[in-house]
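Below is one structure, written out as structure tokens, with a few remarks after it.
Nothing in this text is a laboratory measurement; each read-out follows from the coordinates by a stated rule. For clarity, every value in this text was computed on a predicted model and none was experimentally measured. Cβ placement follows ideal geometry from the backbone for every residue including glycine, while neighbour counts extend to all protein chains displayed.
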Amino acid sequence: MGQCSIHPSILSADFVNLERELDRIRGADAVHVDVMDNHFVPNLTIGLPVVKRIAESTALPVDAHLMIENADHWAPRYAELGLASVTFHAEAAAAPIKLARDLRSNGSRAGMALKPATSVVPYLDMLPELDLLLIMTVEPGFGGQSFLDLTLPKIRVAAAAAADAGLELAVQVDGGISVETVERAAEAGATIFVAGSAVYGAENPGEAVSALRRMADAARGHPDTTRKK
């Protein structure tokens, strides 16, 4: 049972000073970058050129979450940037297994995301094709939303299926993650936690990352006071 990871979302950062904002989370496990196209979700953020510069401007691994249409075409182009992981939405992919293999062949970990109302059951057989399964714990599109407890059973099903199959699959949660909710998500089986306002809204983002990580680790049964991040 591996330790938990915290991926701060720059959706809650100051976009005018992104290099400074990246430095404020240098103790995190990765930086989570949300790409939205105003079609798949009703919001518009950034695209390939900005994500490329983010990857060039930080020593942190970059975890890209693509909330965009035509994922089969665009997701491999993000993997070609050398990102640590690229996550597409199952609802936006015509051939998710092929796409996951394309991402891996381009050197990125392959992630697939599910909206809150999308069942995980039809996708359990393809978990071996993935490195990461993202369970959205809010409706995708905007930060600052409240955690949806109705997603907890889905997290449990995904985590149990991965464990039963002996897979090293990371179960990621995104949306409403804070000191009030991180333990519930961890107890359900999540191992990677995306946090936006809970990190960037804190007086000290680095301390906020450490606190969330400690809480998640403890909830999963492996507190570690030796990690210094």
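Here is how the numbers come out for the structure above:
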| quantity | calculated |
| --- | --- |
| Choice from Tyr200, Tyr123, Tyr78 with maximal GNM fluctuation in the chain (Cα, 10 Å cutoff) | Tyr123 |
| Label-zone membership for the stretch 101-142, site Ala163, 7 angstrom Cα→C-beta point, backbone N under 15 Å | none |
| Rg(Cα) / (2.2 N^0.38 Å) computed for the stretch 135-198, rounded to two decimals | 1.07 |
| Sorted by Cβ density within 10 Å, fewest first, the residues His89, His39, His32 | His39, His89, His32 |
| Fraction of antiparallel bridges per DSSP, the stretch 5-219 only, in percent to nearest 5 | 5 percent |
| Note, ³J(HN,Hα) from phi for the stretch 60-69, Karplus 6.51, -1.76, 1.60, rounded to Hz, x at Gly and Pro | 6, x, 9, 10, 8, 10, 9, 9, 9, 6 |
| Full-stretch length increase - Arg77, Asp23 - with 0.36 nm per residue and alpha-carbon distance subtracted | 16.9 nm |
| Cβ-based exposure ranking for Leu124, Leu133, Leu81, Leu99, in which fewest neighbours within 10 Å come first | Leu124, Leu81, Leu99, Leu133 |
| FRET E, pair Arg104, Glu56, Förster distance 22 Å, beta-carbon r, rounded to 0.05 | 0.45 |
| Whole-number D in µm² s⁻¹ for the chain, Kirkwood Cα-pair radius fed into Stokes-Einstein, 10 °C, 1.306 mPa s | 92 µm²/s |
| Other-chain or far-sequence residues with amide H under 5 Å of Gly175's (modelled H) | Thr137, Val194 |
| Expected 222 nm ellipticity per residue - DSSP helices of 4 or more, -39500 (n - 2.57), all of the chain, to 500 | -9000 deg cm²/dmol |
| Residue order, fewest to most beta carbons within 10 Å, for Ser108, Ser178, Ser57 | Ser57, Ser178, Ser108 |
| Contour minus Cα-Cα distance for Val179 and Phe142 (0.36 nm per residue) | 11.4 nm |
